[in-house]
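Notes to accompany the following structure.
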Amino acid sequence: MLVTAAENDRDRRGQVGVGTLILFVAMVLVAALAAGVLFQAAEELRTQAEATGEDSTALVANDLTVYSTIGTADDDGETIERIEMTIGLVSGSDSVNLSGSVVDYSTRSGQTYLEIEEVTDGGPVLESDDDRRTVVVDVEDLEAGDEASVTLITGDRTRTTADLEVPYELEAGASVPL
């Protein structure tokens, strides 16, 4: 069987065409897989960005303000044993639940975290900027003339800080503005 040059050329072109087709199909499959991976990564990044944005908005949008801070002197009139902070929401804030809040209490003696003893003037949730709650905290080592910093930290990480200055003279059992 004699193969002519024209038939041989045609067979070679047919083989090249099949090879090219196989390469093309392989490239399309690889591109489809790569696109799938890219779409999946983009979706994960979008989801993570949305969660981060919501957390950031909550931290910025929710804010508390301290309207007053009152200290109650002990029976000897030497130290403040109890602090009452009246707080409320800043206009435009979402509701804030005070349950589970802690107080970061700093004095010249050091820093400690205190539990809230009581929330008065209603339930623990501040729902509007008209709501007010008084947070009661028992403290130690806050003597006449001392300074302290009290930061209320809620369960959702909303914070408010009050800097306190104790008067130089205290009356036994009396309440004084700080």
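Can you tell which of 104, 94, 75, 129 is assigned to a loop (DSSP other than H, G, I, E, B) and in contact with a Ser or Thr (Cβ under 6 Å, 6 or more places away or on another chain)? Reasoning before the result, please.
Working: 104 fails: assigned to a loop (DSSP other than H, G, I, E, B); 94 fails: in contact with a Ser or Thr (Cβ under 6 Å, 6 or more places away or on another chain); 75 fails: in contact with a Ser or Thr (Cβ under 6 Å, 6 or more places away or on another chain).
Answer to the selection: 129.
Which of the residues belonging to segment 147-162 are in contact with a Leu (Cβ under 9 Å, 6 or more places away or on another chain), surrounded by fewer than 18 Cβ atoms within 10 Å (Cβ to Cβ), part of a strand (DSSP E or B) and of a type outside the set (S, T, N, Q)?
147, 159
Report, by residue number, each residue of segment 64-80 that is crowded, with 16+ Cβ neighbours inside 10 Å and either closer than 16 Å to residue 169 by Cα or touching a Lys or Arg at 6+ places or on another chain (Cβ under 9 Å) (or both).
Correct list: 64, 70, 71, 72, 73, 79, 80.
Going through 68, 99, 95, 91 one at a time, which residue ends up being modelled with pLDDT of 90 or more and farther than 19 Å from residue 143 by Cβ?
68
Among 152, 114, 98, 89, which is of a type outside the set (Asp, Glu) and in contact with a Gly (Cβ under 9 Å, 6 or more places away or on another chain)?
None of the others qualify; the one that does is 98.
Among the residues in segment 136-146, are any at pLDDT 85 or above, in a strand (DSSP E or B) and within 22 Å of the chain's Cα centre (by Cα)?
Taking segment 136-146 and keeping what is at pLDDT 85 or above, we get 136-139, 142-146.
Subsequent filtering for residues that are in a strand (DSSP E or B) retains 136-139, 142-143.
Adding the requirement that they be within 22 Å of the chain's Cα centre (by Cα) leaves none.
No, segment 136-146 contains no residue that is at pLDDT 85 or above, in a strand (DSSP E or B) and within 22 Å of the chain's Cα centre (by Cα).
Filter segment 105-131 for residues that are surrounded by 16 or more Cβ atoms within 10 Å (Cβ to Cβ), more than 23 Å from residue 73 (Cβ to Cβ) and more than 22 Å from the chain's Cα centre (by Cα) and give the result.
Answer for segment 105-131, where residues must be surrounded by 16 or more Cβ atoms within 10 Å (Cβ to Cβ), more than 23 Å from residue 73 (Cβ to Cβ) and more than 22 Å from the chain's Cα centre (by Cα): just 131.
Might you check whether a residue that is in contact with a strand residue (DSSP E or B) (Cβ under 7 Å, 6 or more places away or on another chain) and of a type in the set (Ser, Thr, Tyr) occurs anywhere in segment 73-92?
yes
The values are calculated or read from the model by the stated rules, or taken from the named source; none is laboratory data. If you're wondering where the values come from, they're calculated on a predicted model, not measured in any experiment. Glycine gets a Cβ as well: all are built from the backbone with ideal geometry, and neighbour counts include every protein chain shown.
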